[in-house]
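S.K.: I'd like to ask some things about the structure below.
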Amino acid sequence: MARRRWLAIRVELLSGRGESLRHPPGRVMLAAPQHTLGELAEAIDVAFARWDHAHLHQFELADGRRYMLGGSEFEPEVLDSSDVTLRSLGLAEGAGFEYVFDLGDDWAHRCLVQATNADPETEYGVVPDRPVPIWGWGTIPDQYGRITDDDDD
């Protein structure tokens, strides 16, 4: 994968399970232009400590384009996120979009392209084969709101 052409994307978790987060945790993700939105979604979910990945996700760009895992049989304009590369979106520095994990609990993330010329060897140490987090902050809530390992809520 090409060096010095990767995207650095700031991702902040704004809300989920009906609650807005007072101090949104965040991660800066590093992704190559040839990575898909589906691969970015998986990396975001891992970076935000999600362990149950059996949920749909959706990206919505500022211009209204939407991408969902598997697409949508009810909305043909919603494309499959696993077929769409970051390159094909034409994301420029400063571009913003939304990512939602689990369309029931609606874990909403604000995403902002911070750079389009990041060097993965400089930022991460090696050239990874998938998107990866390179910076992070904040407290990440459990995806089901659990506080202890025996909490069934």
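S.K.: How are the Cα pair distances of the range 1-124 distributed, in percent, across 5 Å bins from 0?
M.R.: Pairs per bin, as whole percents: 2, 11, 21, 25, 20, 13, 6, 1, 0.
S.K.: Go ahead and estimate [θ] at 222 nm for the chain from helices alone: -39,500 (n - 2.57) per DSSP H run with n ≥ 4, summed, over the residue count, rounded to 500.
M.R.: -3000 deg cm²/dmol
S.K.: Sequence gap at least 6, Cα distance under 8 Å: using those rules, report the relative contact order of the range 3-153 to the nearest whole percent.
M.R.: 36
S.K.: Given a Förster distance of 22 angstrom, what is the FRET efficiency for residue 49 paired with residue 23, based on the Cβ-Cβ distance and rounded to 0.05?
M.R.: 0.85
S.K.: With springs only between Cα atoms under 10 Å, which of 96, 125, 136 fluctuates most in a Gaussian network model of the chain?
M.R.: 125
S.K.: On to the next question. Based on Cβ point charges of +1 for Lys and Arg and -1 for Asp and Glu, what charge dipole magnitude is obtained for the range 6-137 about its Cα centre, in debye rounded to the nearest 20?
M.R.: The calculation lands at about 380 debye.
S.K.: If we count GluC sites (Glu not before Pro) as exposed when they sit in a DSSP loop and have at most 12 other beta carbons within 10 Å, what is the longest stretch of the chain that avoids them all?
M.R.: The longest uninterrupted stretch comes out as 1-72.
S.K.: Something else about it: Could you work out how far apart the two model spin labels at residue 98 and residue 142 are, taking each label as a point 7 Å from the Cα in the direction of the beta carbon, and quote it in nm?
M.R.: Label at residue 98, label at residue 142, 2.8 nm between them.
S.K.: Also, quick follow-up: Apply the Karplus curve 6.51 cos²θ - 1.76 cosθ + 1.60, θ = phi - 60°, to the phi angles in the range 128-140 and return the couplings in whole Hz, x for Gly and Pro.
M.R.: x, 8, 8, x, 9, x, 10, 7, x, 7, x, 9, 9
S.K.: Same structure, new question: Using amide H atoms built 1.01 Å from N in the peptide plane, name the residues 5+ places from residue 56, or on other chains, whose amide H lies under 5 Å from its own.
M.R.: Distant-sequence amide H within range of residue 56: 102, 103.
S.K.: Also, quick follow-up: Starting from the Cα-Cα distance between residue 14 and residue 82, subtract it from 0.36 nm times their residue separation and give me the gain in nm to one decimal.
M.R.: Between residue 14 and residue 82, full extension yields an extra 22.1 nm.
We did not get these values from a lab; they are worked out from the coordinates using the rules stated. Quick caveat, the model's predicted, so the values are computed rather than measured. All Cβ positions, even for glycine, are placed from backbone atoms using ideal geometry, and neighbour counts span all protein chains on display.
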